[in-house]
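Values quoted throughout were computed directly from the atomic coordinates according to the rules given, and no laboratory measurement underlies them. The model shown is predicted, which means the values in this text are computed figures rather than measured ones. A quick note on method: Cβ atoms are made from the backbone with ideal geometry, for glycine too, and the neighbour counts reach across all protein chains shown.
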Amino acid sequence: DMAELGNYRHFMQKEIHEQPRAIADTLLAAVTTSSVSPGIFGPGAEDILRAVNGVRILACGTSYHAAKVAEYWMESLTGLPCRAEIASEYRYRDSVADPDTLIVTISQSGETRDTIDAMIQAKNLGHKYSLAICNVPESALVRTADLKFLTRAGPEIGVASTKAFTTQLVALFLLTLVLGRLRGKISDQQEKVWLEQLRELPGLVQQALALEPQIAAWAEHFADKHHALFLGRGVHYPIAMEGALKLKEISYIHAEAYPAGELKHGPLALVDKDMPVVAVAPNDILLEKLKSNLQEVRARGGELYVFADLDSHFTPQEGLHLLRLPTNAGPLSPIVHTVPLQILAYHAALCKGTDVDKPRNLAKSVTVE
Ligand code: G6P
C-alpha cells in the first residue's frame, strides 16, 4: 500500500489530488465531438431519454449530495421535474410512481444495499426506465439498471468519498445536457459553450488544489472546535452539505449545513466565537443575498471562512477569512467549490490525528442494511 501512496500521506489526499485526472478520464470516455451523444448512457438511451417526463434520483451519503446538485441543474436547464431522495427512505415509503419518470441511482461502489433495493422498489412500483451512475463496471447496481454511465475515477480507497463525487457530478451534468438537448431547452450553441467549460474543468480543479497550503493553515483553527456550520445557497447548498459531511466523517467535528437564507430560522441561535462558519460563496446571482446572511453571522461574533471566486468582491474585515477560487465556473462551479472543502476536512483531520482513510465506525461500502 505504501508504494501506491507515492508522496501522499493518505489515500484520501492522493484521491483529492487525482481529481483533475479522474474528471478528464470521465469526460474523455464520453465526450468526443462537439456534442454529447445520448448513446453514452447505453444502447437505446436516446429513445428512453426522449420518453421520460421527469427524473427521480436515489442515492446514499456523498452520492446523495451529487443527486441534490443535479436537482438544481435538471430543473433549471431541462425543464424536467427532478427530485433527489435518500435511498433508505425511498425504499420504505409509499411514493407516487409515474411510470415515465426516469429513476437514476448514483453509487461509487454499486454495492450499497439501500440504493440497489431502492431501484428494485422503483421498478416494482411501475417505473419503466432506470439509469445507474457508478464507478464500478461489474457491480450489482450496474447489472440491475437499464441504462448506465461509468465514472472513471479509478479505485477509491479512502472511506470518505472525494474523486467519485466530482466525477458523479460530471456524469450528472452530461445527463442534464443530453436531456436538455433532447427537449429543445439547450441550443447547439449553448451546448458548445458548456462542453468547452467542461474541457477546462480539470484545469480549474487543479487551481483549486493549489490553495492547499492556505486551507491547511485555516484547518488549524478547526481542530479544537466542537461544531462547525457550512452555508451555501442554490446549487451550492448541496456542496455545503458535502463539506459538512467530509468534516464529520474524518475529523469527528460535528458539522451541519444550512442554506444560508434559513440561518435566521434557527442556526443563528448557535453562532458564537466557538463555532466557525464556512461559506461557499461563488459569484452567482445569490452572492449579494449570501453576503448579507454572512453579516448576520459576523454580528454575532462568528468567525467566517469564505470560499469566494476571484471576482466575488468581499470587503476585508476582522473575523472574515477569505480564499479566492479561479474564475467563476458557471454551472460547473459546484464541482470546483467542492475541492477546498475536501482539503479543509482532510487537514482538520490531520491536526486531530484521526485515522483519515479508515474513520471509526464507518465502512467504504455498506452492503447490508
Ligand atoms: C458509505 C461511504 C460513503 C459513501 C456511501 C454511499 O457510507 O462511507 O463515502 O458516500 O457509503 O456509497 P456508494 O458506494 O453507494 O456511493
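Listed values, structure above:
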| item | result |
| --- | --- |
| Cα pair distances of the range 171-295 binned at 5 Å [whole percent] | 2, 9, 15, 17, 18, 15, 10, 8, 5, 2, 0 |
| Computed E for S95/E138 - FRET, C-beta separation, R0 30 angstrom, nearest 0.05 | 0.55 |
| Kirkwood Rh in Å, taken over the range 1-82 so that all alpha-carbon pairs contribute | 15.8 |
| FRET efficiency, E369 to S34 (Cβ-Cβ, R0 45 Å, nearest 0.05) | 0.50 |
| Reachable lysines, given that their alpha-carbon falls under 26 Å from the alpha-carbon of K291 and they are not under 8 places away in the same chain | K68, K225, K246, K248, K264, K273 |
| Loop sites in the range 292-342: trypsin sites (Lys or Arg not before Pro), DSSP, at most 13 other Cβ within 10 Å | none |
| Positive-pole candidate from A348, L268, G234, dipole of the chain, charges at beta carbon | G234 |
| Cβ charges +1 (Lys, Arg) and -1 (Asp, Glu), total dipole of the range 236-321, debye | 160 |
| Max mean-square fluctuation residue, GNM over the chain, Cα-Cα springs under 10 Å, options L175, L320, L209 | L320 |
| Dimensionless Rg ratio for the range 93-161, taking C-alpha atoms and the 2.2 N^0.38 Å reference | 1.14 |
| Cβ-placed point charges (K, R +1; D, E -1), dipole of the chain about Cα centre in debye, nearest 20 | 240 |
| Distance between the range 1-69 and the range 229-276 - C-alpha centres, whole angstrom | 25 |
| Loop-located chymotrypsin sites (Phe, Trp or Tyr not before Pro) in the range 1-74 whose Cβ has at most 12 other Cβ within 10 Å (DSSP) | none |
| Restricting the range 79-152 to chymotrypsin sites (Phe, Trp or Tyr not before Pro) in coil, as DSSP defines it, with at most 16 other Cβ within 10 Å | Y92 |
| Among L174, T32, L102 the positive-end extreme of the charge dipole of the chain (Cβ point charges) | L102 |
| Rg(Cα) / (2.2 N^0.38 Å) computed for the chain, rounded to two decimals | 0.95 |
| Taking the convex hull of Cα positions in the range 219-369, its mean projected area over all directions (nm²) | 9.5 |
| Convex hull (Cα only) mean projected area of the range 19-156, reported in nm² to one decimal | 8.1 |
| Mean Cα-pair separation over length for the chain, i.e. relative contact order, pairs under 8 Å, 6 or more apart, % | 19 |
| Whole-Hz ³J(HN,Hα) from phi, Karplus 6.51 cos²θ - 1.76 cosθ + 1.60, for the range 103-116, glycine and proline x | 8, 10, 10, 10, 7, 5, 7, x, 10, 6, 3, 4, 6, 4 |
